[in-house]
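The values are calculated or read from the model by the stated rules, or taken from the named source; none is laboratory data. Everything numeric here is computed off the predicted structure, so don't read it as measured data. In this analysis, Cβ positions are derived from the backbone assuming ideal geometry, glycine residues included, and neighbour counts consider all displayed protein chains. Side chains are part of the model used for accessible areas, which takes the heavy atoms of the whole protein and leaves out ligands, DNA and RNA. Shrake-Rupley method; radii C 1.70, N 1.55, O 1.52, S 1.80 Å.
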Amino acid sequence: MFHDYYSPRVINPGLRIFHNLSATLCFAFVVYVIQRYMEQREALAKTVQQQRDDLLRDVELAAQVQRLFLPLGRPAIAGLEIAGMMHPARGVGGDYYDYIPIDAHTIQIVIADVAGKGVPAALLMSATAAALRLEANHDRNMLKQVERLNTGILSVSDEERYVTLLIAEIDTRRRVIQYVNCGHNPALLFRAKTGALRRMDSSCPPIGLSPDEICELASADLTGGDVLVFYTDGVTEAENRLGEEFGLERLSTVVRDGSSLSAEGLTVNIFNSAADFCGDVGFHDDVTIVVVKCHLDSAPGVTA
């Protein structure tokens, strides 16, 4: 119509009708293409949303399965007060901890961290947890446990996937802790009588890196009031907005200042301290904390 109205020249009526019909058909074709495009985009968006919802449900199911590997309650070992927690950075995580009672006065504490985050780390964590549970049926030689575990993890992982692991066995009757640290963060042993902190450092490489896992068994004496703190690097490597890490020194200060708290209270205090340090940045890695308080002097039947 605008073409007819503003056209400066006279066009043959038949040709004008042809031009107008051609323009109408082209316009209709363009509208059809645009409508089809919009319909396809809407259909694609619905498909993506459905797949996202399905993935979230799968991740939640995986998180539920993963939580089954974590201890449900607190072990009843005379002379020990134990508490633990795991906070995954995503729906699922690569951290793991467990308590494995051996007898009425001996327990094994396990904490592990799979390299990476998310679903791949969670799958390897599940394999590690299952292998450690199976190890509960074998002899309690921790060096042999580590050797068998290394062989198993090495067979199902690649060079980019490995597991840092710390296994500690506490005997309240002998008042001693024996441990093997495979590339994991050093656990902290707070001495109540002196206020000193001992680091339970690594003695061998992480699990799953090499077929030869040569470790050393370390030990330390325990007294009443001593506090053991096991953790993963999600605690010490937590960052604030300035890129500063929470670090081992801040963690040590929190442990010293909170040594009189209950095991659960100190666990929560460590987590909250790291979370407050991060602020609104939040944690970028899984956070796992296990605290063991020794009440050996008040435990019945405990002798040096």
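Worth pointing out:
- Euclidean distance of C-alpha centroids, segment 84-114 and segment 13-49, integer Å: 61 Å
- Accessible surface of segment 145-272 [probe 1.4 Å, protein heavy atoms]: carbon and sulfur percent: 45 percent
- Accessible solvent surface per residue of segment 173-304, calculated while the other protein chains remain in place, 1.4 angstrom probe, Å²: 45 Å²
- The stretch between residue 90 and residue 23, if pulled fully straight at 0.36 nm per residue, gains 18.6 nm over its current Cα-Cα span.
- Rounded to the nearest 10 Å², the accessible area of residue 82 at probe 1.4 Å: 10 Å²
- The Cβ shell under 12 Å around residue 35 holds other residues with a net charge of 0, Lys and Arg each +1, Asp and Glu each -1.
- Gain on full extension, evaluated as 0.36 nm per residue between residue 46 and residue 278 minus their Cα-Cα distance, stands at 79.9 nm.
- Placing dummy labels 7 Å off each Cα toward the beta-carbon, the span from residue 33 to residue 15 is 2.7 nm.
- Positive-pole candidate from 272, 260, 295, dipole of segment 223-304, charges at beta carbon: 295
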